[in-house]
1. Going by the structure shown, is residue 221 exposed (fewer than 11 other Cβ atoms within 10 Å of the Cβ), in a helix (DSSP H, G or I) and charged (D, E, K, R)?
2. Would segment 381-396 turn up any residue that is at pLDDT 90 or above and more than 22 Å from residue 299 (Cα to Cα)?
3. Note down all Cβ pairs under 6 Å where the first residue falls in segment 348-371 and is farther than 18 Å from residue 479 by Cβ, the second is at pLDDT below 95 and part of a strand (DSSP E or B), and they're at least six residues apart or on different chains.
4. Please go through segment 161-191 and give me each residue that is among the hydrophobic types (A, V, I, L, M, F, W, C) and assigned to a helix (DSSP H, G or I), ordered by number.
5. When the residues of segment 278-293 are filtered to those that are hydrophobic (A, V, I, L, M, F, W, C) and open to solvent by 10 Å² or more (accessible area, probe 1.4 Å), which remaining residue is farthest from residue 480 (Cα to Cα)?
6. Could you go through segment 158-172 and let me know if any residue there is open to solvent by 60 Å² or more (accessible area, probe 1.4 Å), more than 30 Å from residue 299 (Cα to Cα) and touching a residue at least 60 places away in the same chain (Cβ under 8 Å).
7. Check whether at least one residue in segment 262-285 is part of a strand (DSSP E or B), in contact with a strand residue (DSSP E or B) (Cβ under 9 Å, 6 or more places away or on another chain) and more than 30 Å from residue 412 (Cα to Cα), and report yes or no.
8. Give all pairs with beta carbons closer than 9 Å in which a residue from segment 84-100 that is on the phi > 0 side of the Ramachandran plot meets a residue that is open to solvent by 20 Å² or more (accessible area, probe 1.4 Å); count only pairs at least 6 apart in sequence or on separate chains.
Amino acid sequence: MPATGDGRAPGAADLLGALGGALSDRARTRPASTEQSAGPATATPPIPHPRSDASTGGSSPAVPSAAPLKLLVIEDDASDAQLLKAAVADSGAPIEIHWARGLEQASELLAAGTSGGRRGRPRAGSFSCVLLDLAAPADLPHPSDASDGLEGLHELLRRAPHTAVVVLTDAAGAELGAAAVAAGAQDFLIKHETDGPLLARALRYAVERKRADESQRRLVEAELRGQENARLQRHLLPTPLLDGAGLSFTRRYRPGRRRALLGGDFYDAVRTDDGTVHVVIGDVCGHGPDEAALGVALRIAWRTLVFAGLTGEALLTTLQHVLEHERRSDEIFATLCMLVIEPGTATGELDSLGAVEQARLYLAGHPAPLLLGADHKPVTLPADPAGPALGLLPCDDGQAVWPAHRLELRPGWRLLLYTDGLIEGRVGAGSRRLGQDGLADLVGDHQSAGLTRGRLIDSAIAEVEELNGGALTDDVAVLLLERNPVQLILG
């Protein structure tokens, strides 16, 4: 841009005043046709105002227009800065111009515009775009060793990563302008080939491109976070350790939260070295991320305690201590169902088909499992004796106890363990809940239709959701544990 005008302003404090004076002189010498094309600019500094109501005459309300684009010009030559401001005035575009002599002064203005913004993003009233003259000195406190002509741009992008940037270069620096776009600027302009309308259009396009880039960046970041969360949550779901147990273990897990893989429900199953099989299913009240984290902590603690040799009330007492230390509030509690299948003579061989297995059932405020039989409809196991949910009553003074209920499991037994999210769904348009009896009837119907294992669970959950009139809002965990039948070979 030609170096014409009044010369440099005397100091940083007089920059805007010097610009205003220069523009007033230019306005007085401009032809009448130019004055008319300037739009909102009238007598003194012709910066268009988006809410000008001079033409309304008071007879009708002013039509609101778009908010002005807030532009920061980084230019060390005051005469070039004055010409830029005059070009904006010629365009008639609602652009509010601020001037900085160098990068340090610009950084102060940019920092004032982004302070209080969320995660460093521009807030309302911050700069929409920066116009940087590449010919201006970089004004860096620690110049970089690489001298590619873009040191100032690199520093500007580092200090204002969320603001659109357009660079100015001369005709001989077109390649440098292209390099600036490749480095992160939204566009470049050649000084002697830029008029007011072209400048205004380039600034608007740069702002829109930056907004699109920011939206795409946030979308990619959200997708990456979603993938990381999904991988994390998958790893937090347990892998049952039942090698050598001769059991079939089928599970289904559905968190109540949308777009989540993990909720407050938890489950696990392990076989210890003495042949005992331990199974647990539990439910932390609530179904948010805090409850999901607490459920994972309880599951891991349960497995650790089992392998450490604890079982029964000693294990549940210790698990309640873990809950009391890990929960965020004294109101948080967890229900739990624990099954301990004792090792016996049943090994899965032909001579063990008639063996009866012994088991112990512990309930801590949790629904009792269903015993599925081949010759009868599902039966809900007795809920007495049972203890309170973990975290409701102190266990140090003996108020919280969890007695065992002894079970005899006949050959070919199947047990369905579940959380209350499966039985608290509504039945029809009224307020009636499905309940344990309703679940037993429902599972019996699907069982009599010949469905087994995963198909049995999936069809039961699907009908529960259909009766509820839509997806269940609470977390749901379902386990089907069954003794694998041994096929007899007759001959």
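1. Yes, satisfied.
2. yes
3. From residues that are farther than 18 Å from residue 479 by Cβ, the pairs are 356/408.
4. Passing the criteria: 171, 172, 174, 176, 178, 179, 180, 181, 182, 183.
5. 293
6. Checking segment 158-172: not a single residue is open to solvent by 60 Å² or more (accessible area, probe 1.4 Å), more than 30 Å from residue 299 (Cα to Cα) and touching a residue at least 60 places away in the same chain (Cβ under 8 Å).
7. For segment 262-285, residues part of a strand (DSSP E or B), in contact with a strand residue (DSSP E or B) (Cβ under 9 Å, 6 or more places away or on another chain) and more than 30 Å from residue 412 (Cα to Cα): present.
8. 92/37; 92/39; 92/40; 92/197
The values are calculated or read from the model by the stated rules, or taken from the named source; none is laboratory data. This is a predicted model, so every value here is computed, not measured. Every residue, glycine among them, receives a Cβ derived from its backbone with ideal geometry; neighbour counts consider all protein chains shown. With ligands, DNA and RNA removed, areas are computed over all heavy atoms of the protein, side chains included. Shrake-Rupley method; radii C 1.70, N 1.55, O 1.52, S 1.80 Å.
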